[in-house]
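A quick write-up on the structure given underneath.
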Amino acid sequence: MSAVPYIAVVGPGEASSQELWIAEEVGAGLAGLGAVVVTGGLGGVMEAACRGARSRQGRTLGILPGDDREAANGWVEIAVATGLGELRNGLVVRASDALIAIGGGHGTLSEVGFALKIGRPVIGLGTWAVHGVDEVTTPGEAVERVARMLAR
């Protein structure tokens, strides 16, 4: 892993209140570890994770599907407009040292698949039951798994 870890938090743009709470807690916890929180930069889980990170003065990177950096949620510190649509999911994964998947639709599934394909650790909270995903039940457990990875 890099000196400053980049950890992706992925999940649905239209998330449940429980998923939003989990994402915000995860973002805050990752900021506490000194990690850069990487997301797709839009709403739902992405916005909640960024909000949590920024609440602890953490860094956030949003890799956007469109051409407009202004489309990023208000908690994104650095916005990268790719113009790639959903193909940007691969960039979210490639830019990250590990991935935390929360809930999820098919976009989340693609990010989980990309991460597993290239050997990035994937921690799941109520996400797709895919071989290789390290499923946990609380935001604290997810952050603790990342902390353990960073300690290695």
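The values are calculated or read from the model by the stated rules, or taken from the named source; none is laboratory data. Predicted, not measured: the structure shown is a model, and the values here were computed from it. Methodologically, a virtual Cβ is constructed for each residue, glycine included, from the backbone with ideal geometry; neighbour enumeration extends over all protein chains shown. Ligands, DNA and RNA are excluded from the accessible area calculation, which covers all protein heavy atoms including side chains. Shrake-Rupley method; radii C 1.70, N 1.55, O 1.52, S 1.80 Å.
Pairs are defined by a Cβ separation below 7 Å, a sequence spacing of at least 6 or placement on different chains, a first member in segment 87-105 that is polar (S, T, N, Q), and a second member that is part of a helix (DSSP H, G or I); the pairs so defined are Asn89/Gly107; Asn89/Ser110; Asn89/Glu111; Asn89/Phe114.
Taking segment 133-152 as the range and being more than 18 Å from Val112 (Cα to Cα) and either part of a loop (DSSP other than H, G, I, E, B) or β-branched (Val, Ile, Thr) (or both) as the test, the residues that pass are Thr138, Arg152.
Taking the residues in segment 58-108 that are closer than 14 Å to Leu42 by Cα and acidic (Asp, Glu) as candidates, determine which candidate is modelled with the lowest pLDDT. So the residue we want is Glu86. Of the residues making up segment 99-115, those that are hydrophobic (A, V, I, L, M, F, W, C), open to solvent by less than 50 Å² (accessible area, probe 1.4 Å) and over 17 Å from Glu141 (Cα atoms) number 2. Listed by position, the strands (runs of 3 or more DSSP E) inside segment 1-105 whose residues that are of a type outside the set (Val, Ile, Thr) and within 19 Å of Val122 (Cα to Cα) number at least 1 are 6-10, 59-64, 98-102.
Residues that are surrounded by fewer than 23 Cβ atoms within 10 Å (Cβ to Cβ) and within 17 Å of Gly13 (Cβ to Cβ): does segment 52-60 have at least one? Looking for residues that are surrounded by fewer than 23 Cβ atoms within 10 Å (Cβ to Cβ) and within 17 Å of Gly13 (Cβ to Cβ), one finds none in segment 52-60, hence no. Among the residues of segment 74-94, not a single one is farther than 18 Å from Tyr6 by Cβ and open to solvent by less than 10 Å² (accessible area, probe 1.4 Å). Residues in segment 44-70 that are among the acidic types (Asp, Glu) and more than 17 Å from Leu91 (Cβ to Cβ): Glu47, Glu70. Considering each residue of segment 116-132 in turn, none proves to be open to solvent by less than 40 Å² (accessible area, probe 1.4 Å), over 17 Å from Glu25 (Cα atoms), of a type in the set (A, V, I, L, M) and not in a strand (DSSP E or B).
Of all residues in segment 29-51, those satisfying the criterion of being aliphatic (A, V, I, L, M) and open to solvent by 10 Å² or more (accessible area, probe 1.4 Å) are Ala31, Leu33, Val36, Leu42, Met46.
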